[in-house]
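One structure below.
The values are calculated or read from the model by the stated rules, or taken from the named source; none is laboratory data. These figures come from a predicted structure and were not determined experimentally. Methodologically, a virtual Cβ is constructed for each residue, glycine included, from the backbone with ideal geometry; neighbour enumeration extends over all protein chains shown. Each accessible area value is taken on the protein alone, full model and side chains, heavy atoms only, with ligands, DNA and RNA left out. Shrake-Rupley method; radii C 1.70, N 1.55, O 1.52, S 1.80 Å.
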Amino acid sequence: MLLSDLLVDIEILRLEGDPDIKLSGIEFDSRKLAPGYLFVATVGTTLDGHDYIDAAIEKGATAIVCERMPVKLCKDVTYAQVPDSAKALGYIASTWFGHPSEKLILVGVTGTNGKTTVATLLYQLFKEIGYKAGLLSTVCNYVDDKVIEATHTTPDALTLNTLLHQMVDAGCQYAFMEVSSHAIEQRRIAGLNFEGGIFTNLTRDHMDYHLTFENYLKAKKTFFDELPKESFALVNTDDKNGLVMVQNSKARKFTYSLRGMADFKTKILEHGFDGMLLDMNDKEVSVSFIGKFNAANLTAVFGTAVLLGVDEMEALRVISMLKAVSGRFETISSPSGFTAIVDYAHTPDALNNVISTIDQILQGNGRLITVVGCGGNRDKGKRPLMAREAVDGSWKAIFTSDNPRNEDPQSILDDMIEGLDATQKSKHLSIINRREAIKTACALAQSGDVVLIAGKGHEEYQLIQGVKHHFSDKEEVTIAINNLTNH
């Protein structure tokens, strides 16, 4: 493809060299370049691609897109200066792969909690109806039935368009993707054509990156600000930020709620550890999900399906068959009569949601033992908040390692404990080894109790001093239950 073809939708501040140079590939990682490639110099959080322009040319790059022109220009290389190279990369990647998002019905899901569940259940629903569909999520990416491992909630622009292109080639009609605040801020979704956007909720998260809640909110809102008028925006009005998201949006606006008037409204009629009976837009449906937050997630799924043209009764029929997403309120029953729940809750609000859901089902007829930690090298401010949520809502809270990364696990636990008063401290145990913490929780549990293992959910690893060790909460709790049964 010619460079001039790739630059059609991009504002060019300055061009040096031949715009009609033929390119054999595009890349923003100088290590992956090959001769005849275009190198897009993007500014990352830790590295600046502009520092690698010389290395890119040495590797054979024949064209450079950048925000700052190098002082010395090579005569055989074409340079295009743009206002925002990350945004340019999105448009270039989309053009290179033949605008795949325009050949799919693409829906993005953003918010703090529920993104994975909503995107995954939409993928499952459309597959169940008989459509070919794709999924881009924290847990896994799917190109129709083909599994592709996920490394980020939202991949970089190049990977995104590669996967969307593969979906088009596989005959997919629909694609559902999680849209993280990082991806919006870093312009990874620039150039994508969204049929619709969903907002789940907004609570404190990623403060290590965004620094303030206002910045975090603004990043999410940008997604809706940029939706075209032909698309739809479906927002949760039980969250006070729901209507804020669509204040400046040109998209068609729709709402969902468990509490107030909305286009898509759900009431919980009955609930237990095996599921709920819901009233969705005045129609009853039994689901194998638990908790208000899942009732909200399913309402978003129902609303989106209807907005995409699925018959209401057909949508409800499939929703009644859907199963929980891996590591999202997954229940495991023990022969001795207690229930273990593995959940990804890693923010104070998510933990509060899960604990209050368990509390509503138990109704004082059992005790809750919560195993929880906090990630290392991340927002330290939420550690005491997580600790307080765990202790206040549980009979016993066990603080343990999550992904300590490069931090000392004990110092993470110290930060958590610092937020507790004397009474709260008496309700907690500290066990750094996560395996031992899970074992202890199961050993303490009696018939009718619940053991909640929060924070890692679907993850099958622990990050310790930069090394990934295999670790699955689900595996560990199953082993602990089996060992108790065999003794």
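A few points about this structure:
- For the listed peptides 400-409, 291-300, a ranking on the average number of other beta carbons within 10 Å per residue, highest first, reads 291-300, 400-409.
- Interatomic Cα distance distribution for the range 90-153, bins of 5 angstrom, percent: 4, 16, 22, 26, 21, 9, 2
- Antiparallel bridges, percent of DSSP beta bridges restricted to the chain (to nearest 5): 40
- Using 0.36 nm per residue and subtracting the Cα-Cα separation, the extra length available between residue 460 and residue 331 on full extension is 44.7 nm.
- Our summary gives the range 22-163 a relative contact order of 14 percent, counting only alpha carbon pairs under 8 angstrom and 6 or more residues apart.
- What the phi angles of the range 324-334 give under the Karplus curve with 6.51, -1.76 and 1.60, with θ = phi - 60°, is a coupling list of 4, 6, 3, x, 10, 6, 7, 9, 10, 8, 9 Hz, glycine and proline written as x.
- Cα extents for the range 1-154 along the principal axes, largest to smallest and rounded to whole angstrom: 56, 31, 26.
- Beta-bridge orientation, the range 145-277: approximately 20 percent antiparallel, per DSSP, counting only bridges with both partners inside.
- With a Cα cut-off of under 21 Å and a minimum spacing of 8 residues unless on different chains, the lysine pairs in the range 354-454 number 9.
- Put simply, the convex hull of the Cα atoms in the range 64-193 casts, on average, a shadow of 8.8 nm².
- The order of 395, 96 by accessible area, most exposed first and with a 1.4 Å probe, is 395, 96.
- Surface composition of the range 113-236: carbon plus sulfur atoms hold 48% of the accessible area, using a 1.4 angstrom probe and ignoring ligands, DNA and RNA.
- For residue 118, net neighbour charge (Lys/Arg +1, Asp/Glu -1) across residues whose Cβ lies under 13 Å away: +1
- Segment residue 72-residue 229, extension gain: residue separation times 0.36 nm, minus the distance between their alpha carbons: 52.1 nm
- Pairwise FRET efficiency - residue 475 versus residue 29, Cβ, R0 = 30 Å, nearest 0.05: 0.30
- Near residue 250, the amide H atoms lying under 5 Å from its own belong to 227; only residues 5 or more places off or on other chains count, and H is placed 1.01 Å from N.
- 37 °C / 0.692 mPa s Stokes-Einstein diffusion coefficient of the range 284-435, Kirkwood radius on C-alpha pairs, µm²/s: 191
- Quarter of Cα convex hull surface for the chain, i.e. mean projection, nm²: 23.9
- For the range 103-254, projected area of the alpha-carbon convex hull averaged over all directions, nm²: 8.4
- Rounded to the nearest Hz, the phi-derived 3J(HN,Hα) couplings of the range 465-470 under the Karplus curve 6.51 cos²θ - 1.76 cosθ + 1.60 (θ = phi - 60°) are 6, x, 10, 8, 10, 5, where x marks glycine and proline.
- Normalised by the number of residues in the range 342-487, the mean separation of alpha-carbon contacts (under 8 Å, six or more apart) gives a relative contact order of 31 percent.
- On a per residue basis, the chain carries 42 Å² of accessible surface, using protein heavy atoms and a 1.4 Å probe.
- Among the trypsin sites (Lys or Arg not before Pro) within the range 19-114, those in coil by DSSP and having at most 15 neighbouring Cβ atoms inside 10 Å are 68, 72, 75.
- Beta bridge orientation in the range 1-77: antiparallel %, DSSP, nearest 5: 25
- Take every pair of alpha-carbon atoms less than 8 Å apart whose residues are at least six positions apart; their mean separation over the length of the chain yields a relative contact order of 10 percent.
- Vicinal HN-Hα couplings computed from phi for the range 179-191 (Karplus, 6.51 cos²θ - 1.76 cosθ + 1.60; Hz; Gly/Pro x): 10, 7, 5, 4, 5, 5, 4, 8, 6, 5, 9, 4, x
- Amide H contacts for residue 26 (H built 1.01 Å from N in the peptide plane; partners 5 or more residues away or on another chain; cut-off under 5 Å): 38.
- Candidates per GluC sites (Glu not before Pro) in the range 6-48, loop by DSSP, up to 16 other Cβ within 10 Å: 11
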